[in-house]
């Protein structure tokens with residue numbers, strides 16, 4: 001008996017904003033890689049993100065391990081973009097005193 005050795009397509013897709021998502025879900029490659037880097041096993045990651053199948057978690061981790069430099073560069077770029085968006089939002093909407101303003105509104 002011989003095993004059918006076939007190539008399975010990667011369960012990774014890039015959305016319109018350039019964000020890589022896993023298995024047709026909203027879960028990002030960033031999320032899975034960060035969990036893996038924190039020491040979670042693929043099974044533990046899948047338990048935290050049940051919308052992603054275990055095989056897709058393993059495929060994402062495998063992709064990361066085979067393309068570590070490229071994924072690290074992608075993650076760094078995503079972190080840079082997040083920081084830029086955070087600064088832009090803070091510049092447009094002053095976050096200082098927001099808790100007090102929200103509490104004051106709830107009392108009215």
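Each value in this text was obtained by applying a stated rule to the coordinates, not by laboratory testing. Only a predicted model underlies this, so the values are computations on that prediction, with no experimental measurement involved. Reconstructed Cβ throughout: ideal geometry from the backbone, glycine too, with neighbour counts over all protein chains shown.
Computed quantities for the displayed model
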| quantity | calculated |
| --- | --- |
| Fraction in percent of alpha-carbon pairs per bin - 5 Å, region 1-75 | 3, 16, 28, 24, 16, 7, 4, 2, 0, 0 |
| Fewest-first ranking of 15, 30, 108, 69, using other Cβ atoms within 10 Å as the exposure measure | 108, 69, 15, 30 |
| Packing rank of 94-101, 49-56, where each peptide gets the mean count of other beta carbons within 10 Å, highest leading | 49-56, 94-101 |
| From the C-alpha gyration tensor of region 39-108, square roots of 5λ in Å | 38, 20, 8 |
| Max mean-square fluctuation residue, GNM over the chain, Cα-Cα springs under 10 Å, options 82, 92, 21 | 92 |
| Order of 22, 89 under a 10 Å beta carbon neighbour criterion, fewest first | 89, 22 |
